[in-house]
Amino acid sequence: MVLSKAVSESDMSVHSTFASRYVRSSLPRYRMPENSIPKEAAYQIINDELMLDGNPRLNLASFVTTWMEPECDKLIMAAINKNYVDMDEYPVTTELQNRCVNMIAHLFNAPLGECETAVGVGTVGSSEAIMLAGLAFKRRWQNKRKAEGKPFDKPNIVTGANVQVCWEKFARYFEVELREVKLRDGYYVMDPEKAVEMVDENTICVAAILGSTLNGEFEDVKLLNDLLEVKNGETGWGTPIHVDAASGGFIAPFLYPELEWDFRLPWVKSINVSGHKYGLVYAGIGWCIWRNKEDLPEELIFHINYLGADQPTFTLNFSKGSSQVIAQYYQLIRHGFEGYRNIMENCHENAMVLKEGLERTGRFDIVSKDEGVPLVAFSLKDRSRHDEFEISDMLRRFGWIVPAYTMPPDAQHVTVLRVVIREEFSRTLAERLVLDIEKVMYQLDALPSRLPPALPPAPLVRKKSELETQRSVTEAWKKFVLAKKTNGVC
């Protein structure tokens, strides 16, 4: 959601040169027009304005998919008018969602029997999936505390300071205390040992990130699980883990199959993943998978029948489109395990091309890790004259959208640029980007510095010893007394 803002009266109308063939008067910008206009004019007016948007393919800030095959585009358009929630009217779409849930659950090594179905739900993205997972953890914790006759009014959740803002939203909207493990220089993910130290009897779960938004790094879920195993054994609290695999859930199974981060670890009870990131679907699809039925309290599931049949639902919204669910199923069967692995390997290789190109310039430090989400996060070695925000701003002149941002506490003094490597970002584009960054650096070198001059270092003052302090006080008093005597002579 973007909050709207007021504008001046001189900017209240929409004008279009081409549309003037059909409409001679301007249209109000923030009020519905009194009269209809031809469809051609409406299209032309909107199309003209949208030309000023950035090119999605060159938006290197986003993890979200910006290209799909034409065949999948056709399926999306064919289903654009289907409301996903009408399960009785669109049973095949519902079946496709169930297939996706089971495929992803098996990909995450859910402990399912031969004929057992997975427990999960499709969402509009990982933000909704995290809200649902958090609600399940909170309700299970509350039920347990009630059964034990203990207070249940002060739940908390432990995360790293590098979490996405949706975790802060969950904590604020659903009244859960958010305990954040601060970052530090050179370590920009949650420290499992410090996280477990923050856990107490009111902790509903610890959230681990598989693919930090800041630098793409995977947090050590295995170590977190082992530490919680010890603490839960000592306390009996049974504190579980949720893995936020929004970015890494469709990467780790294909690039790092031996990495233990998923349901192979006993304290991992739920996982979310974004289908619209490395699941290779356009924006609007996420997934939340639970380990088993016991981890999703039944009282959170609603049953409705006013659309034609009994329909269980566990979502924060109601109506939504079916297109993204269908697109996710297309990608899963179209690529299969082999195809996803090839795509992720290609993304990783292109990330290494970009990283090596930046290193050759000698101007940047690489902040991201080779193992993790295929992205490159980097910062300037010399920030005495220019900073990363200037580079980001000047790259827009070449069409590139590369974000610059500061790290969260306690590493907020570190500023980085980040390039996300998606399927459609080719090696040619990686090499082109390095050339354009070199051009930007050359242009910045020729410009005067926009940064304030550094203050000279304060002179070092040696601390006086106690004896020296006493002597200086004595001398000051002597001077004061002598001055008084002198002033008293007539």
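The values are calculated or read from the model by the stated rules, or taken from the named source; none is laboratory data. Just so it is clear, the model here is predicted, and its values are computed rather than measured. Methodologically, a virtual Cβ is constructed for each residue, glycine included, from the backbone with ideal geometry; neighbour enumeration extends over all protein chains shown. The accessibility values were calculated without ligands, DNA or RNA, using every heavy atom of the protein model including side chains. Shrake-Rupley method; radii C 1.70, N 1.55, O 1.52, S 1.80 Å.
Give me the one-decimal nm value for the distance between modelled label points at Glu258 and Lys231, 7 Å along each residue's Cα-to-Cβ direction.
Each label point is offset 7 Å from its Cα along the Cβ direction, giving 2.9 nm.
Any chance you could run the full-extension gain for Tyr187 through Ala446? It's 0.36 nm times the residue separation minus the Cα-Cα distance, nm to one decimal.
That pair, Tyr187 and Ala446, stretches by 89.8 nm at full extension.
Per 5 Å bin, what percent of the C-alpha pairs of the range 74-139 does each bin hold, from zero upward?
Histogramming the range 74-139 at 5 Å steps yields 3, 14, 18, 23, 20, 14, 6, 1, 0 percent.
Dipole of the chain, Cα-centred, from +1 at each Lys and Arg C-beta and -1 at each Asp and Glu C-beta, to the nearest 20 debye?
Value, rounded to 20: 2240 debye.
State the extension gain, in nm to one decimal, for the chain segment bounded by His303 and Arg31, taking 0.36 nm per residue of separation less the distance between their alpha-carbons.
Taking 0.36 nm per residue and subtracting the Cα distance, the gain is 93.9 nm.
Based on alpha-carbon centroids, what's the gap between the range 192-225 and the range 40-103 in Å, whole number please?
Using only Cα atoms to place each centre, the spacing works out to 33 Å.
Quick one: Kirkwood hydrodynamic radius for the range 261-359, alpha-carbon pairs, angstrom, one decimal?
Final number for the Kirkwood radius of the range 261-359 is 16.8 Å.
Can you compute 3J(HN,Hα) from phi for each residue in the range 66-83, using the Karplus curve 6.51 cos²θ - 1.76 cosθ + 1.60 with θ = phi - 60°, rounded to whole Hz and x for Gly and Pro?
10, 8, 9, 5, x, 4, 6, 4, 5, 5, 5, 5, 5, 9, 5, 9, 9, 8
Using square roots of five times the C-alpha gyration tensor eigenvalues, list the equivalent-ellipsoid semi-axes of the range 337-446 in whole Å, biggest first.
Semi-axis lengths for the range 337-446 are 25, 17, 12 Å.
Suppose the chain between Arg57 and Lys169 were pulled fully straight at 0.36 nm per residue; how much longer would it get relative to their current alpha carbon spacing?
37.4 nm
How much net charge surrounds Arg184 when only the other residues with a Cβ under 14 Å from the Cβ of Arg184 are counted, with Lys and Arg +1 and Asp and Glu -1?
-4
With just the Cα atoms defining each centre, how far is the range 257-328 from the range 239-255? Give it in Å.
Going from one Cα centre to the other spans 14 Å.
Can you give me the long-range amide H partners of Val119? Hydrogens built in the peptide plane at 1.01 Å from N, cutoff under 5 Å, separation of 5 or more residues or another chain.
Trp290
Can you compute 3J(HN,Hα) from phi for each residue in the range 23-35, using the Karplus curve 6.51 cos²θ - 1.76 cosθ + 1.60 with θ = phi - 60°, rounded to whole Hz and x for Gly and Pro?
These are the phi-based 3J(HN,Hα) values: 10, 8, 9, 6, 9, x, 7, 10, 10, 5, x, 5, 10 Hz.
Just read off the accessible area of Lys169 with the full protein assembly in place, 1.4 Å probe, to the nearest 10 Å².
Lys169 exposes around 90 Å² with every protein chain in place.
Using a simple spin-label model with points 7 Å from Cα along the Cα→Cβ vector, what separation in nm is obtained for Asp410 and Arg385?
3.5 nm
Any chance you could give the angle, 0 to 90 degrees and rounded to 10, that helix 221-235 forms with the longest Cα principal axis of the chain?
80 degrees
State the three equivalent ellipsoid semi-axes of the range 186-267, derived from the C-alpha gyration tensor as the square roots of 5 times its eigenvalues, in descending order and whole Å.
Ellipsoid half-lengths, sorted descending, are 23, 14, 10 Å.
Keeping every protein chain present and rolling a 1.4 Å probe, give me the accessible area per residue for the chain in Å².
So the chain comes to 54 Å² accessible per residue, rounded to a whole number.
Over all distinct alpha-carbon pairs, what is the Kirkwood Rh of the range 257-319 in angstrom?
Answer for the range 257-319: a Kirkwood hydrodynamic radius of 14.3 Å.
How big is the range 75-334 by the Kirkwood estimate over distinct Cα pairs, in Å?
It is 18.8 Å.
If you bin every alpha carbon distance in the chain into 10 Å steps from zero, what whole percent lands in each bin?
3, 15, 22, 22, 17, 9, 4, 3, 2, 1, 0, 0
Between their Cα atoms, which of Lys381/Lys439; Lys150/Lys293; Lys144/Lys222 are more than 19 Å away from each other?
Beyond 19 Å: Lys150/Lys293; Lys144/Lys222.
Report the local net charge at Phe218: Lys and Arg +1, Asp and Glu -1, summed over other residues whose C-beta lies under 9 Å from its C-beta.
Neighbourhood net charge equals -3.
Which cross-chain or sequence-distant (5 or more) residues have an amide H under 5 Å from the amide H of Ile304, H modelled 1.01 Å from N in plane?
Answer set, sorted by chain and number: Gln311, Thr313.
If I compute solvent accessible area with a 1.4 Å probe over the protein chains, what percent of it on the chain is carbon and sulfur?
Carbon and sulfur together cover 54 percent of it.
Give the angle, between 0 and 90 degrees and rounded to the nearest 10, that separates the Cα long axis of helix 91-107 from the longest principal axis of the Cα atoms of the chain.
50 degrees
Evaluate E = 1/(1 + (r/R0)^6) for Tyr43 and Asp73, where r is the Cβ-Cβ distance and R0 equals 22 Å; express this FRET efficiency to the nearest 0.05.
0.70
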